[in-house]
Amino acid sequence: MIEIELRCDESDAERVKAVLKKWNVQFYEGRERFNGTDVVVFTVIVPDFVINDIVSDLVKAVDLRKAHSSIVWSDISGKSVKYSSSAKNLEKFRHRWTLVDIEGLIEKANSQARVDPIQLTLGAVASIVALFGLVTNSIVMIISAMLLSPILGPLYGFSLNIVMGKGRDAMEAILSIGKLLLVIFMSSFVSSLLLRALGVMPSTPTHEILLRADSGLIYILIAVVLGYAGVVAIVSRIPEILAGVSIAAALVPPTSVIGIALAMGWWEVFAGSTVLTIENVLGLLAGSLAALYILNVSPRSYYEKKAAKMYTKRTLVALLLLIAGLVLLELIP
């Protein structure tokens, strides 16, 4: 249980009462003098799982710029029968994410956000498998490449660290995504050069290659939806391989096509696949970040929560501005 002690003047007292009645919690109201000013003192005991939300509402109700106004809270030991009914009433406001849940999500995200040599090797293998599927029009091989790619972990690490206000860890996740995409591109490029030297590469782009050279507004929307669905799948404990395949579908084949097109000198295909890859990256980042923001995954500390939400909003705005720029490029004939 948490005890909240709030001090304010008479003009703020009614707003404070309205907040406490909204949350249906029991409270004690008293009076005291502070430097010649009458101060209303509220004492409230609430379950710890709603402390951030109640304090957030109380901060809006009280003018904390006044010297006699304050809000403090602290843990109290034991279980009060008097407030057990309040705890039951507040169960409906319980956030899905407990402190243990949040710590588990962070630990998992940070462990997956940094790619190691094995994951980079898997990315290279995925790229080569995708290459053979693309040049032979084999959708089975392309799907096999998606199963190998470890791209979902860094994407999840980026979005979770953003909503938790951990900018440095989020940048490390972005760097990991960049490393994986670079490995996929270089593997495809080098392999294509070797196959071209052996005379086994097609003289013109295949149907599957051309599909990954066609960018457009619909692909941006799909990427946003995939990013959202992928992260929701992770936090909902749906098997990651199901979410990972859809994420890899948006990144592995078009990134492989960039390497193929560059090696073969197919410049229109190269330009189209490059734009499509950028659209997919930005869409996936925006979708995954929006998912955790909507699910209200955030730090449990009130002040950390407030700072993290502002950080998240700014990152979302930056991503949306970049996506808007791509949309304008698509609309220009």
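Key figures for this structure:
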{"item": "Members of K66/K166; K22/K309; K66/K306 lying beyond 27 Å, as alpha-carbon distances in this model show", "result": "K66/K166"}
{"item": "Karplus-derived HN-Hα couplings along segment 280-287 (A = 6.51, B = -1.76, C = 1.60, θ = phi - 60°), whole Hz, x at Gly and Pro", "result": "5, 4, 5, x, 5, 5, 5, x"}
{"item": "T121 versus E14: modelled label distance in nm, points set 7 Å from Cα along the beta carbon direction", "result": "7.2 nm"}
{"item": "Radius, Kirkwood style, for segment 99-331 when every pair of distinct Cα atoms is counted (Å)", "result": "17.9 Å"}
{"item": "For F27, net neighbour charge (Lys/Arg +1, Asp/Glu -1) across residues whose Cβ lies under 10 Å away", "result": "+1"}
{"item": "Per-selection metrics, segment 130-169 (Cα): Rg and Dmax in Å", "result": "15.6, 45"}
{"item": "Most to least packed among 156-162, 59-65, 180-186 [average Cβ atoms within 10 Å]", "result": "156-162, 180-186, 59-65"}
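Any read-out appearing in this document is the output of simple, stated calculations on the displayed coordinates, not a laboratory observation. Since the model is a prediction, treat every value here as computed from it, not as a measurement. With ideal geometry, Cβ positions are generated from the backbone for all residues, glycine too; neighbour counts draw on all protein chains shown.
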